[in-house]
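Just so you know, all these numbers are worked out from the coordinates, no wet-lab data involved. Because the structure is predicted, anything quoted here is derived from the model rather than measured. When we count neighbours, we look across all protein chains shown, and the Cβ atoms used for this are built from the backbone with ideal geometry, even at glycine.
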Amino acid sequence: MIKILHTADLHLQKKGDERWATLVKILQLARAEKVAFLIIAGDLFDANSQAENLKRELRPLFSQNEFEILILPGNHDARWWQTSPFLGNNVKIFTELTQPFLYSEGKIAFYGLPFEFMSRDELLQKWQLLKPALETKRTNFLVFHGELLDAFYLPTDFGDEGRERYLPVKLVDFSELAFDYILAGHFHTRFEVFSMKNGGYFIYPGSPISITRKELGPRRVNLFKIGQPPSEVILATPFYQEIEVFLDPTQKSSPLEVVEAALSNLPQEARVILRVKGFFDGRRHNLTEQSFQEKLEQLTAKYNVEDIQPEYYDFQRVAQERLFQEVMDRLNQRSDLEEAERTKMREIVIRAMVEALA
Ligand SMILES: [Mn+2]
């Protein structure tokens with residue numbers, strides 16, 4: 001059984017940083033899983049200039065591996081490959097769509113389209129060139145870096161990109177082509193698999209480390225055996241995680257305890273974007289908004305919190321009002337209300353009274 005590891009969008013910038021460590025981790029996984037191929041489907045480097053600086057550092061990592069490393073130029077590192085750089089003994093770079101890399105006595109073929117700006121119509125003509133060459137008796141791979149139009153994506157799904165179209169394709173474009181797997185890159189947000197009409201798969205593995213704050217949750221690579229469906233493997237690499245804490249004013253515990261409970265038990269790779277919403281009674285907990293914020297910052301320094309979005313409200317003036325307490329008691333006595341409705345109504349009352357008493 002031939003195993004393949006597929007990733008993309010590492011956006012390497014310099015040796016020794018977290019992105020570099022992510023590449024090292026991927027190579028370790030490839031070794032441990034005894035894969036035959038490591039496929040990097042574009043944007044290995046963040047920019048052409050960084051690629052130039054890093055190539056000597058990469059050679060020892062990319063040499064003496066038991067597996068082949070096939071690299072596709074993406075939109076971030078499209079130009080750099082034109083000078084045929086040497087990256088290591090086991091490395092091949094896709095430079096021409098019509099010249100596949102063949103293995104296993106020609107039973108496995110990897111086609112790759114190095115990135116250049118093209119419209120969908122121009123791309124359709126490119127695929128037509130391949131049609132006679134794609135033998136159905138072999139396993140055909142396409143390595144691709146661009147946008148799949150079947151899914152609704154936002155510009156932020158591709159890292160920091162402008163509003164241009166980056167090699168737009170639709171699944172239907174491949175329906176008469178005998179590709180068994182399209183190993184793609186460019187879509188950073190998450191691991192996604194699409195089934196094609198011909199029975200093949202189109203796979204975006206997502207970035208293996210968060211490049212922007214839109215790339216949330218643990219990062220993944222695609223590890224699979226030829227003939228079987230793609231499958232996701234979680235990497236222990238840095239990722240962003242949004243945590244939203246809603247402070248319920250009827251809760252007895254201190255708002256700081258509520259925040260801390262939400263932050264504990266996160267993996268150490270998580271970089272947290274913390275949003276604190278809702279209300280607390282400052283008098284009851286001996287807090288002001290100022291002192292709460294200070295304590296919040298002290299607390300979050302212990303965890304990997306990169307950003308606090310302070311959307312909380314000290315409603316102590318409202319909490320002291322007899323009318324408010326009466327309304328709350330009535331709300332709590334209503335047995336016909338779902339808990340979610342009760343919370344909603346409580347919030348409406350608080351907001352109205354906050355404004356009325358201002
Ligand atoms: Mn990218």
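List of remarks:
- Cα gyration tensor category, rounded, prolate or oblate, for segment 1-133 with a/c compared to 1.5: oblate
- Take every DSSP beta bridge whose two residues both sit in the chain; close to 25 percent of them are antiparallel.
- Set of lysines with alpha-carbon distance to residue 55 below 22 Å, sequence-local pairs under 8 removed: 14, 15, 25, 92
- Local net charge near residue 79, Cβ-Cβ under 12 Å (Lys/Arg +1, Asp/Glu -1): -3
- Rounded Å value of the spacing that divides the Cα centres of segment 281-301 and segment 1-67: 45 Å
- Charge-dipole axis of the chain as Lys and Arg at +1 and Asp and Glu at -1 on Cβ define it, positive-most pick from 71, 227, 51: 227
- Of the trypsin sites (Lys or Arg not before Pro) found in segment 208-262, the ones in coil according to DSSP and having at most 14 other Cβ atoms within 10 Å of their Cβ are 213, 252.
- With at most 11 other Cβ atoms within 10 Å, longest stretch of the chain clear of loop GluC sites (Glu not before Pro) (DSSP): 165-337
- Per-residue ³J(HN,Hα) for segment 172-186, Karplus 6.51 cos²θ - 1.76 cosθ + 1.60, θ = phi - 60°, Hz, x for Gly and Pro: 4, 4, 9, 5, 9, 10, 8, 7, 7, 9, 10, 8, 10, x, 3
- Over the chain: helical MRE at 222 nm, DSSP H runs n ≥ 4 each giving -39500 (n - 2.57), nearest 500: -8500 deg cm²/dmol
- Charge tally around residue 141: other residues with Cβ under 15 Å, Lys/Arg +1 each, Asp/Glu -1 each, net +3.
- Label-point gap, in nm, between residue 286 and residue 124 - each point 7 angstrom along Cα→Cβ: 7.3 nm
- Across the chain, the mean sequence separation of Cα contacts (distance under 8 Å, 6 or more residues apart), normalised by length, yields a relative contact order of 12 percent.
- Residue-wise HN-Hα coupling along segment 44-53, computed from phi with Karplus coefficients 6.51, -1.76, 1.60 (Hz; x: Gly, Pro): 4, 10, 6, 7, 4, 5, 5, 4, 4, 6
- Rounded to the nearest 20, the size of the Cβ-charge dipole of the chain about its Cα centre is 860 debye, with Lys and Arg at +1 and Asp and Glu at -1.
- Backbone N atoms of segment 1-22 closer than 12 Å to the 7 Å Cα→Cβ label point of residue 28 belong to residues 21-22.
- Placing pseudo-labels 7 Å out from each Cα toward the beta carbon at residue 336 and residue 349 gives an inter-label distance of 1.6 nm.
- Intensity falloff of the chain expressed as log10 I(q)/I(0), Debye formula with alpha-carbon point scatterers, at q = 0.10, 0.13, 0.14 Å⁻¹: -0.71, -0.95, -1.05
- Applying the Karplus relation 6.51 cos²θ - 1.76 cosθ + 1.60 with θ = phi - 60° to segment 228-240 yields 3J(HN,Hα) values of 10, x, x, 8, 8, 10, 7, 9, 8, 10, x, 9, 8 Hz, where x marks Gly and Pro.
- Extension gain, residue 61 back to residue 2 (0.36 nm per residue minus Cα-Cα distance, nm): 19.0 nm
- The distance between label points at residue 117 and residue 357 comes to 5.9 nm (points 7 Å beyond Cα on the Cα→Cβ vector).
- Lys, Arg +1 and Asp, Glu -1 on Cβ, resulting dipole of segment 166-238 about Cα centre, debye, nearest 20: 280 debye
- For segment 1-57, the set of trypsin sites (Lys or Arg not before Pro) satisfying both a DSSP loop assignment and a count of at most 11 other C-beta atoms within 10 Å is given as 34.
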